Amino acid sequence: MAHYKQSATLWLIIFAVFTVVPSVSSAGLTSQTIAIHHKSVPGETRLMDAVRAGDARQVSALLKEGVDVNKRNAGGVTALMLAASKGQTRIAELLLSAGARPDITDYDGTTAADRAAQNNYKQLASMLTARSRKVDKSKHVDGYDFADDAIVDISHPEWFKHSFYNLPDDLDEARANGKQGIMLFMSTRRCSYCKVFLDRVLSDPDIKRRVQSNYDVIGLEILSDLEIVDVDGESYRVKEFVTKVKAAFTPTLIFYGTDGQLQLKIVGYYPQAKFKRVLDYLEGKNYRKEMLREYLSRTESSKPDPAAQMIVDRELFSQAPYILDRRAANAQQQLMVVFERGNCEACERLHRQVLSDKSIRKLIGQFEAIQLDISDKEQRIITPEGEGLSPMQWYQRLNLSYTPAIVFFDEAGQEVLRLDSETLRYRMEGTLQLVLERAYENDAQLQRWRREKAIEAIRIEK
């Protein structure tokens, strides 16, 4: 009999969650319903629960506690976006007063104002739009510091080649025109890194001239269903090709020689100065004799000061000794390894803009996270594969090129994803969420995963 009552209660709860009752407002949700809904959208917070319940008093109390007002769930949705969707003007004002950003988007490119407008809350939409206009989005400093969650819409420059996506034909044309090969530029419309790369890097007169002289540039949209024939003559949908070449982040640049051989692949954003050195590497055909990492190290104009100290965060990262061998038995946590060095501006940006963020630190806390200095030749690390290497040797063995570089391993010690390019907060947050959810088991492409999570979150909200 007790079993029957428990089953009946369970079915009543399920019915309450999944039955649409138009006369019941969000403020009328029970605590049981909120708890189940919370589990439906990974990454939900107490603040989001309070917003869903329309409880302004609880929202105010949580904000006084200092909760992260801009924390996102796995769909990229913030508490302000939820309030906007439900027309909760008072709660939206509380969130804005606590620092909620009205200008950021979910992973499908939708702002809080968009959500209010979609649900016919016109006054709230107007207020949020006005507040968004006051946010300074022009944080460009030499292409290094920019709002990586900005609302953008990119288009490829006119000088990109109008290709039929038959890469062998494109290589033949490049050869006939005396060029070194082709460059694939993989991007997607809402990618702020792609926007900055186009506006700040490829628009530089010297860079543009050098790229055009040596390569035909072909733009690819990573979500496209168009057919592409790769350099080996195999046919794919573009989105399948993106998976094949492991373009986990955008922009991804792939350089092929006219012989169809891969010269270089860059996954992520390289600022102007570093990309000029990439062009030096390619123009000098150095890919024939050394890796990009080796070339950058060998030709660095100002050698790193061996005495320069790396920024060490003892609270966030585990301390030595590092015994990371996972061959005998799986570890309890996934592994995150951050490779840095002293006298590194990009490393300083990572600590200042990304690792200082409370929500980022909370996500990293779910990993076994370590921090290594790539200039260290003495310390011995036991890697997940059981090798004894110094931090410098391990960085080289992984064939990383950027600092900082971040590599993720699963509990069995298999590498699952890496960040080997400039990384700001929004990208770091999404990457951490993707790895924690093991989305790499199906598709490790960040922007596609974010889009799927955004669609999932909207479906659940409705």
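The values are calculated or read from the model by the stated rules, or taken from the named source; none is laboratory data. Bear in mind the structure is a predicted one, so any value in this text is a computation, not a measurement. Backbone-built Cβ (ideal geometry, glycine too); neighbour counts: all protein chains shown.
Couple of notes before you dig in:
- For the range 287-306, the candidate set comprises residues that are modelled with pLDDT of 90 or more and part of a loop (DSSP other than H, G, I, E, B); within that set, the residue that is nearest to Leu264 (Cα to Cα) is Met291.
- Hits in the range 365-395 - residues which are in contact with a helix residue (DSSP H, G or I) (Cβ under 7 Å, 6 or more places away or on another chain) and over 20 Å from Leu350 (Cβ atoms): Lys377, Gln379, Ile381, Thr383, Leu389
- Sole residue being of a type in the set (D, E, K, R) and without any contact (Cβ under 8 Å) to a residue 40 or more places away in the chain, chosen from Asp376, Asp357: Asp376
- When Glu93 is tested against (1) at pLDDT below 80; (2) closer than 29 Å to Arg450 by Cα, just one condition goes unmet, and that condition is (1).
- Among residues of the range 168-188, those that are outside any loop (DSSP other than H, G, I, E, B) and more than 28 Å from the chain's Cα centre (by Cα), counted: 10
- Selected residue (criterion: surrounded by the fewest Cβ atoms within 10 Å (Cβ to Cβ)) from residues of the range 64-101 that are among the small types (Gly, Ala, Ser) and under 15 Å from Arg52 (Cα atoms): Gly87
- Restricting the range 326-361 to residues that are in a helix (DSSP H, G or I) and among the β-branched types (Val, Ile, Thr), the residue that is nearest to Ala79 (Cα to Cα): Ile360
- Any chance Arg425 is surrounded by fewer than 21 Cβ atoms within 10 Å (Cβ to Cβ), of a type outside the set (A, V, I, L, M) and modelled with pLDDT under 95: yes
- Residue in the range 269-279 that is of a type in the set (Lys, Arg), surrounded by fewer than 15 Cβ atoms within 10 Å (Cβ to Cβ) and either part of a helix (DSSP H, G or I) or without any contact (Cβ under 8 Å) to a residue 12 or more places away in the chain (or both) present: no
- Taken over the range 102-158, the criterion of being surrounded by fewer than 16 Cβ atoms within 10 Å (Cβ to Cβ), modelled with pLDDT of 85 or more and of a type in the set (A, V, I, L, M, F, W, C) is satisfied by Ala130 alone.
- Test result for Gly260, surrounded by 14 or more Cβ atoms within 10 Å (Cβ to Cβ) and in a loop (DSSP other than H, G, I, E, B): yes
- Qualifying residue in the range 406-422 (condition: part of a loop (DSSP other than H, G, I, E, B) and without any contact (Cβ under 8 Å) to a residue 60 or more places away in the chain): yes
- Scanning the range 220-244 for residues being part of a loop (DSSP other than H, G, I, E, B) and in contact (Cβ under 8 Å) with a residue 24 or more places away in the chain gives a total of 7.
- The lone exception for Leu198 - which of (1) crowded, with 19+ Cβ neighbours inside 10 Å; (2) more than 11 Å from Gly219 (Cβ to Cβ) it fails: (2)
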